[in-house]
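To start, the structure itself, in structure tokens.
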Amino acid sequence: MTAIKRIHLSALVWGMMLLFVASCAPRPASLFPEGKDIFGLASPIEIQQDLTEVVLVDYFHPDALTRIDSVTTHPAFKANISDDGELLQIRTLSLNVPHLSMVKVWLDGHAYSLIARRSVREQFTFTFDPEGTRYRNMAIRGEMTDWNPRAMSLVDGKWQVTMSLNPGRYQYLLVANGRDMLDPSNPVQVSNNAGGFNSLIEIGNTNREVLPRIYPVGVQGNEISIQLAGDVDDVYVLWQNFLLPEENVVRHGQQLHVYVPGDAFDKDRSFLRVMASNSYGISNDLLIPMHRGTPVTDAAKLTREDREATIMYFLMVDRFKNGNPDRDDPVIDPEVADRANFYGGDLDGVLQKIRQGYFTDLGVNAVWFSPITQNPLEAYIEFPEPKRKYTGYHGYWPITLTTVDYRFGDDQVLEDLVSSAHEREISVLLDFVSNHVHKNNPLIQENPEWATVFDLPDGRQNIRIWDEHRLTTWFDDFLPSLDFSKPEVIETMVDSAFYWIDRFNLDGFRHDATKHVPLEFWRTMTRKLKEDKMYPENKRLFQIGETFGSRELIGSYVGSGLLDGQFDFNLYWDARSVFAIDEESFERLDYSLHQSFDYYGYQNLMGNITGNHDMPRFISYAGGDLRFDEDDTEPGWEREIGVGDPVGYNKLSSLTAFIMTIPGVPVIYYGDEIGIPGASDPDSRRPMVFENLTENQQMVKDNLKILTRLRSSNLAFIYGDFNTLKVSDNVYAYARSYFGNRTIVIFNKSNEPGSVAIDLLPHFMNVSYTGHFGNVFQVTGNTLEIVMAPNSFEVLTY
């Protein structure tokens, strides 16, 4: 006993000595220029096989462009800057292109480093054998074509087409004689999330076991230790947007020692980024937040402007809470069903719940609410059959751009809402509609030429042709889409968006219909926000977009000069299927998650959702009251959609545990914290319930509150690495670590209890974990054994 005491005392004294030495150590030298040439962290460049074009104004402040001296790259490339200094062209000269390299942009004798990743695209020839059936023409459309038909050629009796694609799984359909059909030669099919099915093909074969892994393990003074796992050829470490020199990055075998530059000691928040590569590919990426030169290892030191720590809550204003009945003014029209009319929810109600501590108690630190600009006073018949009549209760039919709909509130209540949220460390994001306006909006009435084409040359009306006419299609005949090829349209809508940020001190936007608006608008918008708000006020705004499409399309709107993130609908749909359907394997979910890592990086700001207002409630699928093989909207009009089997509540908690413990931004759709059921819009937009919860609803809410607190208090869930430990049909386990924080998450989707044995990675052994959801476990050597209840999950933390 005495010896143990001595050991503990020695450790304490040694720790105090280290702290004293660190505090007395001289400050390291500053290495980099002080300035604001780049705001935030520059996103990686994907190097294409022949020519890569980089819009420099996406990265650099316009004033910095004139000061660019030159650009240097790896010898496999040649770089040229356009005469106006706004476009960088990188031409590939060699077949020997590194997986990872740096593009250095020199300003005033100092180099900013942009990470360059080699594209992993490969040529793939898709072949379809008609086996004697004659077709006049054949095409393929799917995720690999952004769902636009790509014509196929008949060669030696088989239809084929060659495309350049990233490795991965792709949903698709064949288009035979102009009509969609499943691929009869491919038995693999998945739900199309709209009551039907698509064929599924896997292209390429990525062996992740041979890729390098990196994770931070220790801090001593200004030295950070990074552990390397697997074969590692090259390692790059950046502070902010500067590559650290060799003397600051020292490798000893499989451990990397990074010496923080003195520049970091002048900033309340800066970042280290670490990436590695070998001959097979690229490692996970690390993002380490710094405070005055020291890595942040205490989650309490994060603020709401640390966007990586965001836990977001999405609410529809009209359906959340009626805080001021004097504002109520539903549309009086016998043809409008109650569910398609105004219910009376308002900003006053949101403000009340903020002040009552609802969001704080729930554990969220960001609230995004639906659009609040003035919407029409009458109802309109929507274009699709059966042509029901709706009002603009949802806020997406703006007849003004900068005024609050009187049914939702006024400027004063919005000011009070934002200030009250900020007092409680809650960020506020506004849903902004830029793609279209209502036909009664003075903007379009005074400038009818600002609308995109409505009558197409082939005789069709350009309504909801989502993919073929993605940038011009109208959402309805009373909702003209804006023509962003006109500079004056871009300028007007950018100024309108900026008004809300500047006038009400908002923290960012959720952008509606992102993929239907050209990139030039998003560039102009982000440039305006940076130059007029983020640079002068050192304010980190957050922009997240909504795009339904392939990961490649979604990712094309994310990066420096564009948006910070988008909602990862592809991951959500796979998660929805796996957690809701007993027969779906966790292998599908793990594959999908790693596909997202491939496109967006391990450290990303993509939104991971429990659901949203445009799709059925997850719990109704999980409980079986809504079937995957039926239309997702009409059942909500034809019958009362409930939960079904109460197991749906457990499955909803498992889905929530998943989004709360993976990289990205978890987003809770209002009502999912208690399991409100429903079919698709408008049934998925039922009024919020705050009182008289059932036992199952309370269980879901209690689980969520534990999960939000685990995420917000444990940096492994915010900045940690990610390692799959076990994946099978019914069991999924992964581990995340960040310096001293280690976490293990386990799911059992079987309807039976089961004992699970999991092999642990070396740095997860010999640790005393704490369980948070009641499952019995023990760690023996390199094995974790845990007894899991049916349809359950467990989160272990250290």
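Some values worked out for this structure:
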read-out	value
Enumeration of residues in region 495-524 that are more than 14 Å from L401 (Cβ to Cβ), part of a helix (DSSP H, G or I) and among the aliphatic types (A, V, I, L, M)	L519
Qualifying position, being closer than 30 Å to R627 by Cβ and surrounded by fewer than 18 Cβ atoms within 10 Å (Cβ to Cβ), among P187, P167, P149	P187
Any hit, region 464-472, residues being outside any loop (DSSP other than H, G, I, E, B) and open to solvent by less than 50 Å² (accessible area, probe 1.4 Å)	no
The listed residue being without any contact (Cβ under 8 Å) to a residue 24 or more places away in the chain and not polar (S, T, N, Q), out of E587, E537, E531	E537
Count - residues of region 657-672 that are over 25 Å from A733 (Cβ atoms) and either of a type in the set (G, A, S) or not in a strand (DSSP E or B) (or both)	2
Pairs where the first residue, in region 632-648, is surrounded by 14 or more Cβ atoms within 10 Å (Cβ to Cβ) and the second is assigned to a loop (DSSP other than H, G, I, E, B) and of a type in the set (S, T, N, Q), C-beta under 8 Å, 6+ apart	D632/N193; D632/S680; T633/S680; G636/S680; V647/N751; V647/N791
Tally of residues being free of Cβ contacts under 8 Å to residues at least 40 places away in the same chain, farther than 19 Å from T92 by Cβ and of a type in the set (A, V, I, L, M) across region 56-77	2
Index of the failed condition, L725 passing every other in (1) open to solvent by 10 Å² or more (accessible area, probe 1.4 Å); (2) of a type in the set (A, V, I, L, M, F, W, C); (3) more than 25 Å from the chain's Cα centre (by Cα)	(3)
Whichever residue in region 582-616 is closer than 19 Å to S191 by Cα and aromatic (F, W, Y) and, among such residues, is least open to solvent (accessible area, probe 1.4 Å)	F586
Subset tally (residues that are open to solvent by less than 10 Å² (accessible area, probe 1.4 Å) and of a type in the set (D, E)) for region 414-455	1
Hits in region 751-795 - residues which are in a loop (DSSP other than H, G, I, E, B) and over 30 Å from G218 (Cα atoms)	N751, E752, P753, G774, N775, A789, P790, N791
Test: residue in region 777-794 that is under 25 Å from the mean Cα position of the chain (by Cα), within 25 Å of R588 (Cβ to Cβ) and open to solvent by less than 10 Å² (accessible area, probe 1.4 Å)	yes
So V232, is it under 30 Å from D129 (Cβ atoms), in contact with a strand residue (DSSP E or B) (Cβ under 6 Å, 6 or more places away or on another chain), among the β-branched types (V, I, T) and surrounded by 14 or more Cβ atoms within 10 Å (Cβ to Cβ)	no
Close pairs from region 289-304: first over 20 Å from S225 (Cβ atoms), partner in a loop (DSSP other than H, G, I, E, B) and open to solvent by 70 Å² or more (accessible area, probe 1.4 Å), Cβ under 6 Å, at least 6 apart	R304/E425
Residue list for region 525-549, filter: outside any loop (DSSP other than H, G, I, E, B) and open to solvent by less than 40 Å² (accessible area, probe 1.4 Å)	M525, T526, L529, K530, K533, M534, Y535, F542, Q543, I544, G545
Near pairs, Cβ below 9 angstrom, 6+ apart or cross-chain, from region 361-390 (over 20 Å from N440 (Cβ atoms)) to any residue that is in a strand (DSSP E or B) and of a type in the set (D, E, K, R)	W368/D431; W368/R510; F369/D431; F369/R510; P384/D476
Listing of strands (runs of 3 or more DSSP E) fully contained in region 181-273 that carry 1 or more residues being touching a Gly at 6+ places or on another chain (Cβ under 8 Å)	197-203, 213-220, 223-229
Counted residues, region 269-283 - those being under 25 Å from the mean Cα position of the chain (by Cα), among the hydroxyl-bearing types (S, T, Y) and within 18 Å of M102 (Cα to Cα)	2
Hits in region 676-709 - residues which are open to solvent by less than 20 Å² (accessible area, probe 1.4 Å) and outside any loop (DSSP other than H, G, I, E, B)	D683, S684, R685, V700, L704, L707, T708
Test for D329: is it charged (D, E, K, R), part of a loop (DSSP other than H, G, I, E, B), at pLDDT 95 or above and open to solvent by 10 Å² or more (accessible area, probe 1.4 Å)	yes
Any hit, region 370-380, residues being within 19 Å of V418 (Cβ to Cβ), β-branched (V, I, T) and open to solvent by less than 30 Å² (accessible area, probe 1.4 Å)	yes
Residues (small (G, A, S) and at positive phi) located in region 436-484	G459
Any pair with Cβ under 6 angstrom, 6 or more apart, that starts in region 31-47 at a residue that is without any contact (Cβ under 8 Å) to a residue 24 or more places away in the chain and farther than 18 Å from L244 by Cα and ends at one that is in a loop (DSSP other than H, G, I, E, B) and open to solvent by 30 Å² or more (accessible area, probe 1.4 Å)	none
Residues of region 741-760 satisfying the condition of being over 26 Å from the mean Cα position of the chain (by Cα) and either open to solvent by 60 Å² or more (accessible area, probe 1.4 Å) or farther than 22 Å from N730 by Cβ (or both)	N751, E752, P753, S755, D759
Check on Y135, of a type in the set (S, T, Y) and either open to solvent by less than 30 Å² (accessible area, probe 1.4 Å) or touching a residue at least 60 places away in the same chain (Cβ under 8 Å) (or both)	no
Residue check, F567 touching a strand residue (DSSP E or B) at 6+ places or on another chain (Cβ under 7 Å), open to solvent by less than 10 Å² (accessible area, probe 1.4 Å) and aromatic (F, W, Y)	yes
Subset tally (residues that are closer than 17 Å to T633 by Cα and either of a type in the set (K, R) or outside any loop (DSSP other than H, G, I, E, B) (or both)) for region 379-410	5
Neighbours by Cβ (under 6 Å, 6+ apart or cross-chain): first from region 704-725, more than 24 Å from M290 (Cα to Cα); second of a type in the set (S, T, Y) and crowded, with 20+ Cβ neighbours inside 10 Å	L704/T656; T724/Y734; L725/Y734
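Listed here are the residues, each with its yes/no results for (1) open to solvent by 20 Å² or more (accessible area, probe 1.4 Å); (2) within 25 Å of H469 (Cα to Cα).
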site	(1), (2)
R510	no, yes
R523	yes, yes
L553	no, yes
S556	yes, yes
A580	no, no
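The values are calculated or read from the model by the stated rules, or taken from the named source; none is laboratory data. What you see is a predicted model, and the numbers here were worked out from it, not measured in a lab. Using ideal geometry, Cβ is built from the backbone for each residue, glycine included, and neighbour counts are taken over all protein chains shown. Calculation scope for accessible area: heavy atoms of the full protein, side chains included, ligands and nucleic acids excluded. Shrake-Rupley method; radii C 1.70, N 1.55, O 1.52, S 1.80 Å.
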